[in-house]
Amino acid sequence: MSSKLIAEFFGTFWLVLGGCGSAVLAAGVADVGIGWLGVSFAFGLTVLTMAYAVGHISGGHFNPAVSLGLMIGGRFPAKDLIPYWIAQVIGAIAAAAVLYLIVSGAPNFEGVGSFASNGYGAASPEGYSLTSALVIEIVMTAFFVIVILGATSNFAPEGFAPIAIGLCLTLIHLISIPVTNTSVNPARSTGVALFADGPALAQLWLFWVAPLIGAAVGALIWKAMGDD
């Protein structure tokens, strides 16, 4: 179990450092910045690379919503859910702390701003409402869990699951960055919210509630299809 929790810690650490780090450090650089497209691929690549690196140890969840979805889908024991959540959240916070140390070393540093946090209303990248944020986070997480359960099923081609899952997360970000800055992962949202300026902490509840609901919905849809 300790090996699994360490794998989940480092997998989530890499997801937050790579995904949120690309948003904070590289997205907005004049002329050479990677933009939302680059950030979307960065998040997908973090999951793809760590799924291959440590997925065989822990299952490669790196996300409390994924762990819940896999539990409801019958792929993950309920007794391990809370330990996985704790490891994931601590990994996300550790990565956000490292990213904060890096950002604070910038010339003329005056604060981290939104720090790649998630939000709605004025905190949404394009000003989308709470309802829009709730709906998109539920729907995107549901499909994420469906893809994960499908790509890792006994009938799927072996060895390709991390690619499908990483590309799915990339697509999710391409769709939803303008709405919420894309969570679908309560640990990712928690880590950066602790350091961000603005309403990130006050709005964090939505980025736990919506992904967990979405994960449950996705798992139930998968079970209803009965292909496992």
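Take A53 and tell me if it is without any contact (Cβ under 8 Å) to a residue 60 or more places away in the chain and either more than 18 Å from P186 (Cα to Cα) or of a type in the set (D, E) (or both). Reasoning before the result, please.
Working: without any contact (Cβ under 8 Å) to a residue 60 or more places away in the chain: yes; either more than 18 Å from P186 (Cα to Cα) or of a type in the set (D, E) (or both): yes.
Judged against the criteria, A53 is a match.
So T141 passes all but one of these: (1) in a helix (DSSP H, G or I); (2) closer than 19 Å to S67 by Cα; (3) out of contact with any Pro (no Cβ under 6 Å at 6 or more places or on another chain). Which condition number does it fail?
With respect to (1) in a helix (DSSP H, G or I); (2) closer than 19 Å to S67 by Cα; (3) out of contact with any Pro (no Cβ under 6 Å at 6 or more places or on another chain), T141 is out only on (3).
Here is a list of conditions, (1) hydroxyl-bearing (S, T, Y); (2) open to solvent by less than 40 Å² (accessible area, probe 1.4 Å); (3) part of a loop (DSSP other than H, G, I, E, B), and Y128 meets all of them except one; can you say which number that is?
For Y128, the exception is condition (2).
Of the numbered conditions (1) touching a residue at least 40 places away in the same chain (Cβ under 8 Å); (2) open to solvent by 50 Å² or more (accessible area, probe 1.4 Å); (3) among the small types (G, A, S); (4) farther than 21 Å from L194 by Cβ, G60 fails exactly one; give the number of that condition.
Unmet condition: (2).
Is at least one residue of segment 204-211 crowded, with 23+ Cβ neighbours inside 10 Å, outside any helix (DSSP H, G or I) and under 16 Å from the mean Cα position of the chain (by Cα)?
No, segment 204-211 has no match at all.
Given the condition open to solvent by less than 20 Å² (accessible area, probe 1.4 Å) and among the charged types (D, E, K, R), answer yes or no: does some residue in segment 27-35 qualify? Break it down stepwise before answering.
Looking only at segment 27-35, we keep the residues that are open to solvent by less than 20 Å² (accessible area, probe 1.4 Å), and these are none.
No, segment 27-35 has no match at all.
Suppose we filter segment 95-120 for residues that are more than 15 Å from the chain's Cα centre (by Cα), assigned to a helix (DSSP H, G or I) and in contact (Cβ under 8 Å) with a residue 60 or more places away in the chain; how many remain?
Result for segment 95-120: 6.
The values are calculated or read from the model by the stated rules, or taken from the named source; none is laboratory data. It should be emphasised that the depicted structure is a prediction, and the values quoted were computed from it without experimental measurement. We place every Cβ from the backbone using ideal geometry, glycine too, and count neighbours over all the protein chains shown. Quick note on the areas: whole protein, heavy atoms, side chains included, nothing else; ligands and nucleic acids left out. Shrake-Rupley method; radii C 1.70, N 1.55, O 1.52, S 1.80 Å.
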